[in-house]
Amino acid sequence: MPADVAAPGDGLPEAVTIGVSIHVPEPYGTALQDARAGHGDPAARSIPTHVTLLPPTEVAAAALPGIEAHLRAVAARHRPFRMLLQGSGTFRPVSPVVFVRVEEGAQECRVLEAEVRSGPLSRELAFPYHPHVTVAHGLAEQVLDEAYEKARGFAAAFAVDGFVLSRFGPDEVWRPCRDYPFGSAR
């Protein structure tokens, strides 16, 4: 991954949109992304499969060095943990989202989310934080019903050893910029 997200004065825009997440490893990440694409979700191929820790957040490009230092410090305070994704859930009728549930590792995600969304990344959320992996969003009710049924049998367990800072590009694709391994101050 690139060493820098952005540096002031390097020709990049003054504001950028970032997000922080735990990426779902292979082969599970591709399987869930393929399922999302199979439901016709137009965002499926533009978002790596993940559990959000910081939703899309616009920040000043000049603030990125401080944000990166903040994320390094958060990661350094944590240790790897086990995550189990299993079964389906939905935020309907409040939001047209179907997801795979985080059955194990949810509390660790809540702690990480609170720490990531502090200091230079402090912001209010539209909804209370609920760790999950989206498999369908903003689609017709029948498609959301089908996605819910298909995700019911999904299960994956893996170790989480860090999180990722990603940037939203002008092509509307999310790209990882930097990994933040747990227990490391690098």
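Amide H to amide H, with H built 1.01 Å from N, Cys177 comes under 5 Å of Leu165, Ser166, Arg167, counting only residues 5 or more places away or on other chains. In terms of the Cα gyration tensor, with a ≥ b ≥ c the square roots of its eigenvalues, is the chain rounded because a/c is under 1.5, prolate because a/b exceeds b/c, or oblate? Verdict is prolate for the chain.
Any read-out appearing in this document is the output of simple, stated calculations on the displayed coordinates, not a laboratory observation. Values in this document were obtained by computation on a predicted structure and should not be read as measured data.
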